[in-house]
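Heads up, the thing below is written out as structure tokens.
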Amino acid sequence: MRHHKAHFKDKTVLCNCDDPRVSNFFHYFAYNFEHLGLKRLITTCYKSQSSDLFSENSAESAIYLEYLGDKNGNRVPDVEEIGVKQLNGDGDFRSPECIELLKQADIVVTNPPFSLFRDYITQLIEFDKKFLIVGNVNSVTYLEVFNEIRSDRMWIGPSIRSGDREFGVPDDYPLDASGTRVDEHGNKFIRVKGVRWFTNLDFEERYEDLTLHKKYKADEYPKYDNFDAIDVGKVKDIPVDYDGLMGVPITFLDKYNPKQFRIIGSFNNGQHGAELGAKKVIAVSQGKELKWNGPVINQKPLFKRVVIQRR
Ligand SMILES: C[S@@+](CC[C@H](N)C(=O)[O-])C[C@H]1O[C@@H](n2cnc3c(N)ncnc32)[C@H](O)[C@@H]1O
């Protein structure tokens, strides 16, 4: 959040996939309301949470919170300063009443359910909102997301670039994967790989050039069987002097400076390959023949790529 402070002055922030009891987003914005100079903070709570003060109401409805800043001068959000308001429905971010709140927001900040990421981002685009949201790096292969990135209307935010991140999970969450943890208070945590910020808030580091050292040599950079571009297996090996098209791993987007490179397309089997104009060729994977328009070299299918070109 510290990379984006300047964006929040006099703005209405909406956290629309948040249970305010546990959301660190609500906590952060409420406690930093004056520091950021916010105008209004709205948090909608999805009903199907474990029962408590906010969601146990006999009605099938959820609530939303509104915070307009510190009134009594103690510079902390007190319970009586937070307006708890009733929603008619379950607080689904797609419901008409949540969309009404979305319309009132300037910037949306949350960690939406990864399973609904596609719907979530499509809605933000439709309503032309500024946003800072957490998602999985593989979401860039959704065409909706990819097209926004290619058009430089969305990018990967600063601060998370690789590795995994720890997330708090509810008590009933099964801790059956490695890297899980329970702290001394019994709070459960899991580690999630491939997490990134997705945003359309600008930040300076985005325009820093990726420093490259390697020079192009035809024998080190094979061409694809089905598309006129060279394959670059590692982002750090992007040749500094090659002007044609290059296929690079999607983690390139972590380092992408739109003034240094242009994004041509997503190279992946199916609709992406078709939109890029890649031919369908025979590829052999584990002894099986496939018809493939994702990246193929010497009949071997490769992992998805982003096709880029130096500016
Ligand atoms: C990954 S969690 C993030 C929670 C919160 N942003 C935080 O950081 O603590 C996703 C949240 O979205 C809520 N949720 C799930 N489906 C939803 C929907 N259709 N509309 C709104 N919220 C939803 C879940 O209940 C959960 O609280």
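Structure notes:
- Using θ = phi - 60° in the Karplus curve 6.51 cos²θ - 1.76 cosθ + 1.60, the 3J(HN,Hα) couplings for the range 65-80 round to 10, 10, 10, 10, x, 5, 9, 9, x, 8, 6, 10, x, 8, 3, 6 Hz; x is entered for Gly and Pro.
- Near the amide H of Ile238, within less than 5 Å, lie no amide hydrogens of residues on another chain or at least 5 residues away, with H placed in the peptide plane.
- Cα-centre dipole for the chain with unit charges at Cβ (Lys and Arg positive, Asp and Glu negative), debye to 20: 1500
- DSSP-defined antiparallel bridges as percent of all bridges, the chain, nearest 5: 75
- Packing here is the average count of other Cβ atoms within 10 Å per residue, and on that basis the peptides 215-228, 171-184, 30-43, highest first, run 30-43, 215-228, 171-184.
- Bridging of Lys234 to aspartates and glutamates at a Cα separation below 17 Å is possible for Asp209, Asp219, Glu220, Asp254, once same-chain residues fewer than 8 apart are set aside.
- In terms of overall dimensions, the chain has a Cα radius of gyration and Dmax of 22.6, 72 angstrom.
- Across the chain, the mean sequence separation of Cα contacts (distance under 8 Å, 6 or more residues apart), normalised by length, yields a relative contact order of 12 percent.
- Of Leu302, Leu87, the order by accessible heavy-atom surface (1.4 Å probe, DNA, RNA and ligands excluded), from most exposed downward, is Leu302, Leu87.
- In the range 78-234, Rg over Rh equals 1.06, where Rg is the alpha-carbon radius of gyration and Rh the Kirkwood radius from pairwise Cα distances.
- Share of Cα-Cα pairs in the range 208-310 lying beyond 24 Å, as whole percent: 20
- Which of His213, His4 is most accessible, then next, and so on - probe 1.4 Å: His213, His4
- Relative to one another, the C-alpha centroids of the range 275-303 and the range 10-41 are positioned 47 Å apart.
- Out-of-range pairs (alpha-carbon distance over 27 Å; input Lys236/Lys288; Lys5/Lys129; Lys11/Lys255; Lys217/Lys255): Lys236/Lys288; Lys11/Lys255
- Helix-only CD estimate at 222 nm, as mean residue ellipticity for the chain, using -39500 (n - 2.57) per DSSP H run (n ≥ 4): -4000 deg cm²/dmol
- Shown are His7, His27, whose ranking by accessible area with a 1.4 Å probe and every protein chain present, most to least, is His27, His7.
The values are calculated or read from the model by the stated rules, or taken from the named source; none is laboratory data. If you're wondering where the values come from, they're calculated on a predicted model, not measured in any experiment. Ideal geometry is used to build each Cβ from the backbone, glycine not excepted, and the neighbour counts take in all protein chains shown. When the accessible area is computed, the model is the full protein with side chains, heavy atoms only, and any ligands, DNA or RNA have been set aside. Shrake-Rupley method; radii C 1.70, N 1.55, O 1.52, S 1.80 Å.
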